[in-house]
Amino acid sequence: MAGIYNGNGKTTAAVCRKRTTVLLMCLLFGMSCFLSGCSKAKQQEGTSADDHRIKVVTTIFPQYDFVRQIAGGRADLKMLLKPGEESHSYEPTPQDIIAIQNCDLFIYVGGENDEWVEDILSSMDTGRMATLRLVDCADTVEEEHVAGMKENHREEEDNPGEYDEHVWTSPKNAVKIVDNITELLCSADADNADAYKQDAETYIHKLEDLDAQFRQVVEESDRDTILFGDRFPFRYFADEYGLRYYAAFPGCASDTEPSAATMAFLINKVKEEKIPVVLKMELSSDHISRAIAEATGTEVKVFYSCHNISAEQFQNGETYLSLMEKNVETLREALSDGTD
């Protein structure tokens, strides 16, 4: 959702989200006592094994899937962002806030788009829940403006040194996140600690194999440059594997329309460097990447950030690993010499 700046360094989307958050917090205060009473009553009445499962709430797909792989059916797991929704325009519902209030473990990203989380948590008694920010699991880097990206001087002035929140795009960072999640699951549910550790170890081996696949693709390629006709939330991925990149916008940009200069730059780069594939993110418009591809005789491929997945993919059981494995093959094509 594109934002319009209101003169105070905020987009109208951000202002609306803030107002919505304040309203929801008021609602939360009004309902909290009632909900606490209901929760206790249900706990006393319930007799099934499900009543004793640890309650975990995540904001977006990566950490949801990490918990799913570690905890399986031992956790009552909820993802706030619905499949198919754009994460940058998400706003919490009253039901979402209730879920956070009643959970044992809450996992969120912790970047600019999660400012609402800090407001919500500050209004709650968080003494009984554990929280984890993904950005605390890895060394963060600032968002980067590389050559050709559309300039947004106001955004740079209002948000200097904004760090990139997409830490999970590096499989190495995913391992660190899984380690942190496992530790918190074990602490909150000691009875199942051994099972969590065993499943986490198995999953980490798969992530390490994924990392090895990406490294092999890069090592076997003569090319080291990728190009996105889209936002670029892959800074950690690119840094991990020593890739150069060009893109229309940085990772959390609110822009959706590139300047004429940006389009000309990207088209020229594809031609000059004979880049065979123009990449785009999942769940985003392909109008920029398609225009570049049509002007250069190349093709468009999706490269998954795993921010979220479609409803169909969710129903089909797609995972962080399965999507990233698709990225392995897409990267192989993007780094090829274009003669295959």
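Just so it is clear, none of the values below were taken in a lab; they were calculated from the coordinates. These numbers were taken from a predicted model, which means no experiment stands behind them. Glycine also receives a Cβ, built like all others from the backbone with ideal geometry; neighbour counts cover every protein chain displayed.
Observations on the model:
- For region 172-289, the dipole from Cβ point charges (+1 on Lys and Arg, -1 on Asp and Glu) about the Cα centre works out to 660 debye, to the nearest 20.
- Computed over region 222-334: relative contact order in percent, which uses C-alpha pairs under 8 Å that are six or more apart: 25 percent
- Bins of 10 Å, starting at 0 and running to the largest distance - Cα pair percent for region 222-334: 14, 48, 32, 6, 0
- Loop-located chymotrypsin sites (Phe, Trp or Tyr not before Pro) in region 297-340 whose Cβ has at most 11 other Cβ within 10 Å (DSSP): none
- For the set Lys78/Lys301; Lys172/Lys197; Lys55/Lys197; Lys55/Lys280; Lys271/Lys301, the pairs lying more than 27 angstrom apart at their alpha carbons are Lys78/Lys301; Lys55/Lys280.
- Stretchable slack from Glu333 to Ser122, in nm (0.36 nm times residue separation minus alpha-carbon distance): 71.3 nm
- Across region 64-71, computed HN-Hα scalar couplings (Karplus, 6.51 cos²θ - 1.76 cosθ + 1.60, θ = phi - 60°) run 4, 5, 4, 5, 4, 6, 7, 9 Hz from first to last residue, x flagging Gly and Pro.
- Counting only Cβ charges, +1 for Lys and Arg and -1 for Asp and Glu, the dipole size of region 222-334 around its Cα centre is about 240 debye.
- Cα lying deepest toward the dipole's positive end in region 222-334, options Asn316, Leu266, Val278, charges on Cβ: Leu266
- Note on Ile98, Ile288: ascending count of other Cβ atoms within 10 Å places them as Ile98, Ile288, the fewest first.
- Gain in span if fully extended, Glu220 to Thr202, counting 0.36 nm per residue against the direct Cα distance: 3.7 nm
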